[in-house]
Amino acid sequence: MRIALGVQYDGRAYCGWQVQPNQPTIQAVLESAIGQFIGDGQAVRATAAGRTDTGVHALGQVVHFDTDVVRDDWSWVRGINTFLPLSVVAVSYTHLRAHET
């Protein structure tokens with residue numbers, strides 16, 4: 001199943017979207033939070049339509065990830081937010097059909 005999340009963040013403490021070795025990034029904290037919420041031990045790969053640079057903020061970036069885990073719809077937003085720092089927030093959720101990417 002493919003899940004799309006709308007996210008907002010204050011990027012001042014991050015080195016942009018894309019995972020970088022030994023640098024805090026939005027993608028890294030989001031993938032970590034999703035993985036902790038799913039709890040199946042498998043690595044999660046979050047994909048965004050675009051990347052941001054160091055210090056850039058977002059109000060409506062959409063990211064998606066794939067999982068076999070089934071949860072109630074809004075538990076995705078609430079559960080993932082439990083594991084995110086205050087500077088990053090999931091604000092919306094959509095379940096996508098495979099051809100909607």
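Which of (1) 0.98; (2) 0.94; (3) 1.15 is the computed Rg/Rh (Cα atoms, Kirkwood Rh) for the structure on display?
(2)
Whose amide H sits under 5 Å from the amide H of residue 93, counting only residues 5 or more places off or on another chain, with H placed in the peptide plane?
The list, which skips near neighbours in sequence, is 6.
Running a GNM on the chain with Cα contacts under 10 Å, which residue among 50, 16, 60 ends up with the highest mean-square fluctuation?
50
Using Cβ contacts closer than 10 Å as the measure, can you line up 37, 65 from fewest to most?
On the way: 37 21, 65 18.
Ordered by Cβ neighbours within 10 Å, fewest first: 65, 37.
In whole Hz and in residue order, list the ³J(HN,Hα) couplings for segment 76-87 that follow from phi through the Karplus curve 6.51 cos²θ - 1.76 cosθ + 1.60, θ = phi - 60°; x for Gly and Pro.
4, 5, 4, x, 5, 4, 4, 9, 9, x, 4, 7
Compare 59, 84, 30 in a GNM of the chain, Cα atoms joined below 10 Å, and give the one with the largest fluctuation.
Of 59, 84, 30, the most mobile in the Gaussian network model is 59.
Please build a GNM for the chain, connecting alpha carbons under 10 Å apart, and tell me which residue among 53, 72, 40 fluctuates the most.
72
Helix-only estimate, please: 222 nm mean residue ellipticity of the chain, summing -39500 (n - 2.57) across DSSP H runs of length 4 or more and dividing by its residues, to the nearest 500.
Computed ellipticity for the chain at 222 nm equals -6000 deg cm²/dmol.
Quick note: the coordinates plus some simple rules give every number you see, no bench work behind them. All of these numbers come straight from a predicted model, not from anything done at the bench. Cβ sites come from the backbone with ideal geometry, for glycine too, and all protein chains shown count toward neighbours.
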